[in-house]
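Visitor: Next up is a structure, given as structure tokens.
The values are calculated or read from the model by the stated rules, or taken from the named source; none is laboratory data. On a predicted model such as this, the values are computed, not experimentally measured, just so you know. Cβ placement follows ideal geometry from the backbone for every residue including glycine, while neighbour counts extend to all protein chains displayed.
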Amino acid sequence: MDARLEAIRDTVLARNPGEGEFHQAVTEVFESLGPVHDRHPEFLEGAVLERLCEPERQIIFRVPWVDDAGTFQINRGFRVEFSSALGPFKGGLRFHPSVNLGIVKFLGFEQIFKNALTGMPIGGGKGGSDFDPRGRSDAEIMRFCQSFMTELYRHIGEYTDVPAGDIGVGGREIGYLFGQYKRITNRYESGVLTGKGISWGGSLVRPEATGYGTVIFTEEMLKTRGQSFDGQRVVVSGSGNVAINAIAKAQSLGATVVACSDSSGYVVDEAGIDVELLRQIKEVERGRLKDYEARRSAVSYVEGGSVWDIDATVALPCATQNELDGDAAARLVRNGLLAVGEGANMPSTPEAVAVFQEARILFGPGKAANAGGVATSALEMQQNASRDSWTFAHTEERLTEIMIGIHDRCAATADEYGDPGNYVLGANIGGFVKVADAMLAQGLI
Ligand code: NDP
């Protein structure tokens, strides 16, 4: 890392002790930015990095609620409003027991650059809670969401901060959150949340967008080597929103997705994952992946194993951060891996990324490859602002254009900085320069 940036990075780490994922995300971005600061000394003079690493606002709050047994429960809520240089803070809410300030800050920090890469007018933020939705009844989810919004509502708004979904937060949760916001504020402010239901202000394609976008980005990377998804053997981790839609899109392009996972294990289905069955089990029944095995022939379920033990030519990690380590990366590379498209945020450890880059594997980092979700959220905001709703075909066409644009911008930036094919460098520099220019133009704020 450039010595000037290393000194700033060390100060950031010392000021934010115990936030391992945030440290990892900051380090990863700083490692790309040395050459930019050679060309743009004004970024150092303007303390752009120091400012970017300090969120504009961090909100931590108590979320009290009552479970079905009548027991009082207390969770912790977070919203980290990182950067509004390009537009209102924008980023999802994650409900998962692992959520803490460091995880929300890593996600919010990455979101700044991701949102910049989309070319849309959106800043970066992220939030969530250590609430565990698994095994909770519908009524419990509703009471939790209502309590969460009873505090959050005062910090958000269509021109201020626009949350969406992430792990553990899908259409059902966005519905309960929106209902409570509307009740408290007495305003039908569609643009305050994205990922809404289609009949009440949501956008077609938003549920599919992150998974579809990841596959579109990866297809563009494959094209640079004269390849495509057609005929590829694909492994996807996760079986949530991003994973299911990535599987559907990859198979529609002629790939065979042979395995996917949840936090308990993985299934191998050499004939190709049956997406409709997977949707039925995970989205309709809210069941576990294990149930897939009993309902389809010639499928094996491996309890507790790593899905990265299965060979693939294309890997799409779509579950969570740091799920694919250096050993798994080396094994995949030895066994014929061509490309990795990160549907999740920071799913590959730094060691895994180093293995992929050393082997010149096509590697699409999450902040570029999974930007289709937030880009389509911005399209939802556009539709809300104009009180319009677009067709599936039109919205999908916009998503495709945006993903191809992000791919091309990352590739062109990597070329410009002398490291063709390095999408990590391209994404970090491409996103950063846009935000840095806006920050300097807006003065010291
Ligand atoms: P979902 O909650 O819909 O699905 C998450 C999936 O990942 C589930 O299969 C879950 O398994 C698995 N998973 C979660 N945590 C772990 C863990 N600690 N270990 C192993 N598996 C785990 O979330 P999404 O699909 O929305 O999000 C997946 C990833 O994509 C996240 O990194 C998110 O930040 C990122 N992302 C999501 C976007 C979106 O639009 N939704 C946009 C951009 C990025 P189980 O059910 O067993 O918990």
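Visitor: Of all residues in region 231-242, how many are within 13 Å of the ligand (Cβ to nearest atom) and touching a Gly at 6+ places or on another chain (Cβ under 7 Å)? So that I can check it myself, show each step before the final result.
Guide: So the first thing to find is which residues in region 231-242 are within 13 Å of the ligand (Cβ to nearest atom), and the list is 236-242.
When the remaining residues are screened for being touching a Gly at 6+ places or on another chain (Cβ under 7 Å), the result is 241-242.
Of the residues in that region, 2 qualify.
Visitor: Does ALA438 fit the bill of being touching a residue at least 12 places away in the same chain (Cβ under 8 Å) and in contact with a Lys or Arg (Cβ under 8 Å, 6 or more places away or on another chain)? Break it down into steps so the answer makes sense when it comes.
Guide: Working: touching a residue at least 12 places away in the same chain (Cβ under 8 Å): yes; in contact with a Lys or Arg (Cβ under 8 Å, 6 or more places away or on another chain): no.
It is false that ALA438 is touching a residue at least 12 places away in the same chain (Cβ under 8 Å) and in contact with a Lys or Arg (Cβ under 8 Å, 6 or more places away or on another chain).
Visitor: Could you tell me whether ARG296 is surrounded by fewer than 20 Cβ atoms within 10 Å (Cβ to Cβ), within 16 Å of the ligand (Cβ to nearest atom) and assigned by TED's automatic domain parsing to the domain that holds GLY341?
Guide: On the way: surrounded by fewer than 20 Cβ atoms within 10 Å (Cβ to Cβ): yes; within 16 Å of the ligand (Cβ to nearest atom): no; assigned by TED's automatic domain parsing to the domain that holds GLY341: yes.
In short, no.
Visitor: Give the residues of region 269-317 that are of a type in the set (Phe, Trp, Tyr) and more than 22 Å from VAL340 (Cβ to Cβ), sorted by residue number. Before you say what the answer is, go through the steps one by one.
Guide: Step one: list which residues in region 269-317 are of a type in the set (Phe, Trp, Tyr), which gives 292, 301, 308.
Matches in region 269-317: TYR292, TYR301.
Visitor: Being within 17 Å of SER32 (Cα to Cα) and in a loop (DSSP other than H, G, I, E, B), is that true of even one residue in region 361-368?
Guide: Checking region 361-368: at least one residue is within 17 Å of SER32 (Cα to Cα) and in a loop (DSSP other than H, G, I, E, B).
Visitor: In addition: Test VAL258 against the stated conditions and say whether it is more than 16 Å from the ligand (Cβ to nearest atom) and either in contact with a Pro (Cβ under 9 Å, 6 or more places away or on another chain) or not in a strand (DSSP E or B) (or both). Spell out how you get there, then give the answer.
Guide: Working: more than 16 Å from the ligand (Cβ to nearest atom): yes; either in contact with a Pro (Cβ under 9 Å, 6 or more places away or on another chain) or not in a strand (DSSP E or B) (or both): no.
Here the answer is no, as VAL258 does not meet what is asked.
Visitor: Still on this structure: Looking at SER147, is it part of a loop (DSSP other than H, G, I, E, B), among the hydroxyl-bearing types (Ser, Thr, Tyr), at negative phi and modelled with pLDDT of 95 or more?
Guide: Working: part of a loop (DSSP other than H, G, I, E, B): no; among the hydroxyl-bearing types (Ser, Thr, Tyr): yes; at negative phi: yes; modelled with pLDDT of 95 or more: yes.
So SER147 fails the test.
Visitor: Hey, another quick one. Looking at region 49-76 only, could you name the residues that are more than 21 Å from HIS23 (Cα to Cα) and touching a Gly at 6+ places or on another chain (Cβ under 9 Å)? So that I can check it myself, show each step before the final result.
Guide: From region 49-76, those more than 21 Å from HIS23 (Cα to Cα) are 61-76; that's our starting set.
Residues satisfying the conditions are PHE61, ARG62, VAL63.
Visitor: Could you pull out the residue among LYS290, LYS367 that is within 13 Å of the ligand (Cβ to nearest atom), over 18 Å from VAL242 (Cβ atoms) and at pLDDT 95 or above? Show your work before the answer.
Guide: Details: LYS367 fails: over 18 Å from VAL242 (Cβ atoms).
That would be LYS290, the only listed residue that is within 13 Å of the ligand (Cβ to nearest atom), over 18 Å from VAL242 (Cβ atoms) and at pLDDT 95 or above.
Visitor: So for region 180-192 (the condition being over 25 Å from ASP408 (Cα atoms) and within 16 Å of the ligand (Cβ to nearest atom)), does at least one residue qualify?
Guide: no
Visitor: Residues ILE184, ILE174: which one is farther than 29 Å from CYS318 by Cα, assigned by TED's automatic domain parsing to the domain that holds VAL80 and of a type in the set (Val, Ile, Thr)?
Guide: Working: ILE174 fails: farther than 29 Å from CYS318 by Cα.
Result of the check over ILE184, ILE174: ILE184.
Visitor: For the list (1) without any contact (Cβ under 8 Å) to a residue 40 or more places away in the chain; (2) farther than 21 Å from SER228 by Cα; (3) within 14 Å of the ligand (Cβ to nearest atom), I need the number of the one condition that GLU276 fails.
Guide: (3) is the only condition that GLU276 fails.
Visitor: What is the residue count in region 165-188 for residues that are closer than 20 Å to GLU208 by Cα and either in a loop (DSSP other than H, G, I, E, B) or of a type in the set (Asp, Glu) (or both)? If you could, list the steps in order and put the result at the bottom.
Guide: First, pick out the residues of region 165-188 that are closer than 20 Å to GLU208 by Cα: 165-175.
Among the residues that remain, those that are also either in a loop (DSSP other than H, G, I, E, B) or of a type in the set (Asp, Glu) (or both) are: 165-168, 170, 173.
Count: 6.
Visitor: Identify the single condition in (1) under 23 Å from LEU93 (Cα atoms); (2) more than 12 Å from the ligand (Cβ to nearest atom); (3) buried (at least 16 other Cβ atoms within 10 Å of the Cβ) that VAL284 does not satisfy, given that it satisfies every other one.
Guide: Here VAL284 meets the rest and fails (3).
Visitor: Looking only at residues that are closer than 16 Å to ALA312 by Cα and in a helix (DSSP H, G or I) in region 330-354, which one is nearest to the ligand (Cβ to nearest atom)?
Guide: Among residues in region 330-354 that are closer than 16 Å to ALA312 by Cα and in a helix (DSSP H, G or I), the one nearest to the ligand (Cβ to nearest atom) is ALA352.
Visitor: Among the residues of region 388-410, which ones are in contact (Cβ under 8 Å) with a residue 60 or more places away in the chain and either within 14 Å of the ligand (Cβ to nearest atom) or not in a helix (DSSP H, G or I) (or both)? Break it down into steps so the answer makes sense when it comes.
Guide: Quick first cut of region 388-410, residues in contact (Cβ under 8 Å) with a residue 60 or more places away in the chain only: 389-392, 395-396, 399-400, 402-410.
Matches in region 388-410: SER389, TRP390, THR391, LEU399, ILE402, MET403, ILE406.
Visitor: Next question, about the same structure. Can you tell me which residues in region 119-141 are within 12 Å of the ligand (Cβ to nearest atom), touching a helix residue (DSSP H, G or I) at 6+ places or on another chain (Cβ under 8 Å) and over 19 Å from THR160 (Cβ atoms)?
Guide: Within region 119-141, PRO133 is the sole residue that qualifies.
Visitor: May I pose another question? Please verify whether ARG172 is modelled with pLDDT of 95 or more and either closer than 22 Å to ALA369 by Cα or away from the ligand (no atom under 15 Å from the Cβ) (or both), treating the condition exactly as stated.
Guide: On the way: modelled with pLDDT of 95 or more: yes; either closer than 22 Å to ALA369 by Cα or away from the ligand (no atom under 15 Å from the Cβ) (or both): no.
Answer is no for this residue.
Visitor: Within region 200-224, restricting attention to residues that are aromatic (Phe, Trp, Tyr) and buried (at least 24 other Cβ atoms within 10 Å of the Cβ), which residue is nearest to VAL236 (Cα to Cα)?
Guide: The initial filter retains those residues of region 200-224 that are aromatic (Phe, Trp, Tyr), namely 200, 212, 217.
Right, trim to buried (at least 24 other Cβ atoms within 10 Å of the Cβ) and you get 212, 217.
Working: TYR212: 13, PHE217: 15 Å.
The qualifying residue nearest to VAL236 (Cα to Cα) is TYR212.
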